1. Inspect segment 288-311 for any residue being at positive phi and modelled with pLDDT of 90 or more and give the result as yes or no.
2. Condition (residue is basic (Lys, Arg) and either free of Cβ contacts under 8 Å to residues at least 40 places away in the same chain or touching a Cys at 6+ places or on another chain (Cβ under 9 Å) (or both)) applied to segment 70-92: is it met by at least one residue?
3. Using the structure shown, decide if residue 200 is in contact with a Pro (Cβ under 8 Å, 6 or more places away or on another chain) and in contact (Cβ under 8 Å) with a residue 40 or more places away in the chain.
4. I'd like to verify a number: residues in segment 254-293 that are crowded, with 19+ Cβ neighbours inside 10 Å, polar (S, T, N, Q) and under 23 Å from residue 110 (Cβ atoms), how many?
5. Exactly one of these conditions fails for residue 339: (1) at pLDDT below 85; (2) open to solvent by 50 Å² or more (accessible area, probe 1.4 Å). Give me its number.
6. What are the pairs with Cβ atoms under 9 angstrom where one residue, in segment 344-357, is within 14 Å of residue 392 (Cβ to Cβ) and the other, located anywhere, is open to solvent by less than 60 Å² (accessible area, probe 1.4 Å) and of a type in the set (Asp, Glu)? Sequence gap at least six, or different chains.
7. In segment 535-554, is there at least one residue being near the ligand (Cβ under 7 Å from one of its atoms), at pLDDT 85 or above, open to solvent by less than 50 Å² (accessible area, probe 1.4 Å) and not in a loop (DSSP other than H, G, I, E, B)?
8. Residues of segment 176-189 being farther than 11 Å from residue 200 by Cβ and open to solvent by 40 Å² or more (accessible area, probe 1.4 Å), which ones?
Amino acid sequence: MTRPRPATPATGISALAGLLVVVFCIAGLLVYEAWSTGRSRRDIAERGLQDYAAYATWSTARMADATVTASLATLFRGLVGTRIAPAAALPPTSALEEGVRYLESCDCALPVPASYYFRVDSRSGEFTTIAPPASGQEAPSGFATAKVGSFAQPGIAVAPSASEKEDLIRALSKQTLPAGINFAVTFARIGDSARVVGFAPQRDSTGAQAGAFGFVAVPEVYARTLITHLWRHPQILPLAITRGMASDSLLTALVSTPDGKEIYRSSGWSAGLRSDTASLAPADGGMRVRVALRPDAVTRLGRGLIPSSRVPVWVGLLLLTGLLTAIILRNLQRQHELARLRADFTASVSHELRTPLAQIMLFGETLTLGRTRSETERVRAAEVIVREAKRLMQLVENTLQFSRAERPVVGLSPERLFLAPAIREIIAGFEPLADTRGVAIVAELEEQSSAVVDRSALRQMVLNLLDNALKYGPREQTITVRLSSLVRQNHVVRISVDDEGPGIFGRSREDIWAPFVRGDITDPPETGCGLGLAVVRELATRHSGAAWVESVPRGRGSRFVIELPAVAAESDRRTDSAPSAVA
Ligand code: ADP
């Protein structure tokens, strides 16, 4: 395909397009910046939440230490700081019972969830078991004391077996407390199970160990009681952060023995939560507490800390900007294309006008100056003038039609036409031009075919096809024009123009219908500006019809077809009427 070069510089449009792309890039950059700011704010918030978890863990462990110490100090308050004579008996069990009662009623420290209390004399091996208080119940038989009140864990009292007592005495004999420490909690294996043992050693005046008072508790119950008690306390996390929300609604915990065996897991615990680990002091049992923020606490505490995601809004804005940029670029491209078409159009039409005008002037001057040598030459000169004038006329009509196509308000005036007579008239007008190349035109026309069509549009369409057949076909060829009515899905009339030229082949078959597009055929060299077929298709389309070129083997000519809606009554039958030769 060859096209005239565009003559309009598109620098302004390109600059505008460049600016738009820059604007889009800036928008993209801004969105990226906003996204990365949001991300770093979220990172900071994440770290903040992790700090909350670490603080809650530390706070829980330290409060647990304080609670256990306060609890033991209250329980053993009559049993510490005094030393007994070397051979004297240990203090009576009532001293411990009094501590238990006080702890139960004072509401000053955590009541111990003991399975039982004990006194053991390490010198004589005497072991006395004291039942824990159970609400409104007598102590189980075998225990030395009666009811003293209620515990948070009633009914867990279990009298130890002989072997358990031995285990307990052995475990206590291994315990040595640092100076200044009068009581402690430890984990010991008693019987088949691990137990929490709280004890206050008794020494004689020489400093030797005389025995101990204490309690035994189930580790799971002990840990649960401790954590539940602590989290009723509102100050695990600072009030400014929790704004009064209860600790157990924000936190969840996992407690294990010092050697790592899990003994308590509060509801809502799961792996992957923001958590931290801390240990209680050795004298408080050395338990390991792992505290985590509950998932919903992250939302509640993080409100204002974690910014809500704006990503959908940013992405939406970016897409919108992209869409607008694309629309504007598309419009700019169209404008550019239009400007180029106009430039092409002007260049081609000027070129096309020059050749016939030059011929007309040449032969006009010859006639005016009386330079013809014979009557035959004079007639020939006049014929050339007429022929070139007709060509000019057709060119002007094509040009006008093309400009009308850009301004659709200029309408057609369709009327019901019997097409055979109309086409015959067009052929008759074209024959003088065909004669100059010794070309014969055969018409095979179905007389009854009619359509609603604009008469001058029909003339222009058929003339353009005839003109091309003449231009691109060989001398002395036969051009065949056919007209038939077809009844298929729709009623249509079909006009076809066949020539014996080189045919259309390859990709050009569709391209040639675009304005200003010309094929590569140059033999014989012919002029043209690539408007003829564009006008044919435009006019056919405006009549709700179609125009195309049929595939014909290379070198066997071309068949150009126009299809128009038929007038129904006339086209209800398929007709293969006999052709009527015009030439
Ligand atoms: P123009 O004839 O001015 O070039 P057209 O739009 O009428 O413009 O035709 C477009 C192109 O289609 C031509 O340049 C030519 O290459 C090809 N063409 C049209 N008619 C024929 C034909 N009958 N035989 C071969 N090629 C044709």
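1. no
2. Here is the first cut: in segment 70-92, the residues basic (Lys, Arg) are 77, 83.
Adding the requirement that they be either free of Cβ contacts under 8 Å to residues at least 40 places away in the same chain or touching a Cys at 6+ places or on another chain (Cβ under 9 Å) (or both) leaves 77.
The answer is yes, given that some residue of segment 70-92 is basic (Lys, Arg) and either free of Cβ contacts under 8 Å to residues at least 40 places away in the same chain or touching a Cys at 6+ places or on another chain (Cβ under 9 Å) (or both).
3. When the stated conditions are applied, residue 200 does not pass them.
4. Going through segment 254-293 one residue at a time, the tally reaches 2.
5. (2)
6. The qualifying pairs are 355/388; 356/388; 357/388.
7. No; the residues of segment 535-554 include none that is near the ligand (Cβ under 7 Å from one of its atoms), at pLDDT 85 or above, open to solvent by less than 50 Å² (accessible area, probe 1.4 Å) and not in a loop (DSSP other than H, G, I, E, B).
8. Correct list: 176, 178, 179, 180, 187, 189.
The values are calculated or read from the model by the stated rules, or taken from the named source; none is laboratory data. Keep in mind that this is a model prediction, so the values were computed, not measured. Here Cβ is always computed from backbone atoms with ideal geometry, including for glycine, and neighbour counts include all displayed protein chains. Note: areas computed on protein heavy atoms with side chains; ligands, DNA, RNA excluded. Shrake-Rupley method; radii C 1.70, N 1.55, O 1.52, S 1.80 Å.
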